[in-house]
Amino acid sequence: MTQNAADTVSKTPLTLLGLGAMGTALAGAWLAAGHPLTVWNRTAAKAGPLAARGAAVAAGAAEAVAANRLVVVCLLDDASIEEALAGADLTGKDVVNLITGTPGTARARAAWATARGARYLDGGIMAVPPMIGIPQAGPYVFYSGSRDLFEEHRATLAAPADARYVGADAGFAALHDVALLSAMYGMFGGVAHAFALVRGESVDPRELAPLLSSWLTAMAGSVAATAEHLAAGDYTGGVASSLAMQVAGVPTFLRTAEEQGVSAELLTPYFDLMRRRLAADPARHGAEDLTGVVDLLRG
Ligand code: FVH
């Protein structure tokens, strides 16, 4: 991903709006890869270290947008885009929006940019700032929207993190991003419950940690099994742990939480869904795995 600054002449120049934690990391990666870079940030002082590394610093967002055709936006949220770009001329620009937002927000922002004469690509960053520019850390960004924009700027976009195009619907990058992050928060919830169970006992959390990590890694295989079941429309193939067996075990989890003085509030919504699925048709659903919960969530 990183290349010598000597390559600068052949590299696409670009503008980056927003120098928070993520914007600063992105800027560093583009500079390291030799891209001429113009930056703007509401709090101007944050641009100082990047200026010292060769970035041009614009006095305002409109000036920064005017500097280059490719304009990457990494501000806090959609409202900050509205505010920052209110006076900018987007005619003929290629706007890449990297804020974390909803699919609906992305689609609306795509329509907004298109109406102002720009091509639009939305991005969902699957990385935290220290991973940016470090390929071995596995950073990548989901992109959706204008395929022409993506193909034209693919190499530039891939300098900080691998670039993965997921469709012409501008909302799809956000959809993929939020889907993955939602699963992550479910995992965080389970981990918090596990640590709460052992807290106060003579169990060192540092000894539980590797056990938790390896168990969660082993259980990650269930993701592919769920996908296969959803694709097949049959949730009973190759089931090792039936819904009936797992629902029978629910009281054990609830009683253990009670014995340990731990609130089960992170687990009970999921257990309730498991029970509802089983109750709807015990004979049929009892032989399934947990995939049926997906159907209940869709309503
Ligand atoms: N950091 C992370 O771990 C995650 C990783 C995944 C992607 N997210 C999203 O990336 C967007 C930017 O995140 P960030 O980490 O850079 O966020 P901050 O460090 O808080 O910086 C926010 C920047 O936005 C500027 N800003 C805020 N409001 C306005 C406004 N009304 N007008 C103009 N600029 C605004 C702020 O400027 P300043 O406070 O320095 O003046 C920062 O440049 C975000 O969508 C994450 O969800 C990050």
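The values are calculated or read from the model by the stated rules, or taken from the named source; none is laboratory data. In this text, all values refer to a predicted model and were calculated from it rather than measured experimentally. Counting neighbours? That spans all protein chains shown, and the Cβs are built from the backbone with ideal geometry, glycine included.
For this structure, a couple of remarks:
- Residue within segment 144-151 that is away from the ligand (no atom under 16 Å from the Cβ) and under 19 Å from the mean Cα position of the chain (by Cα) present: yes
- Segment 81-102, subset outside any loop (DSSP other than H, G, I, E, B) and touching a residue at least 60 places away in the same chain (Cβ under 8 Å), residue surrounded by the most Cβ atoms within 10 Å (Cβ to Cβ): V96
- Some residue of segment 199-209 being surrounded by 12 or more Cβ atoms within 10 Å (Cβ to Cβ) and in a loop (DSSP other than H, G, I, E, B): yes
- Qualifying residue in segment 53-74 (condition: within 11 Å of the ligand (Cβ to nearest atom), polar (S, T, N, Q) and either in contact (Cβ under 8 Å) with a residue 40 or more places away in the chain or not in a helix (DSSP H, G or I) (or both)): no
- Residue within segment 281-299 that is modelled with pLDDT under 95 and in a helix (DSSP H, G or I) present: yes
- Residue pairs meeting the criteria (Cβ under 8 Å; at least 6 apart or on separate chains; first under 14 Å from A52 (Cβ atoms) and in the same structural domain as E63 (by TED's automatic domain parsing), in segment 23-38; second surrounded by fewer than 21 Cβ atoms within 10 Å (Cβ to Cβ) and among the charged types (D, E, K, R)): T24/K46; G28/R53; L31/R53
- The condition of being in contact with a Phe, Trp or Tyr (Cβ under 7 Å, 6 or more places away or on another chain), in the same structural domain as L17 (by TED's automatic domain parsing) and assigned to a helix (DSSP H, G or I) holds for only one of T114, T105, that being T114.
- Taken over segment 23-67, residues that are touching a helix residue (DSSP H, G or I) at 6+ places or on another chain (Cβ under 6 Å), under 22 Å from E82 (Cα atoms) and among the aliphatic types (A, V, I, L, M) amount to 5.
- Residue within segment 91-104 that is in contact with a Lys or Arg (Cβ under 8 Å, 6 or more places away or on another chain) and charged (D, E, K, R) present: yes
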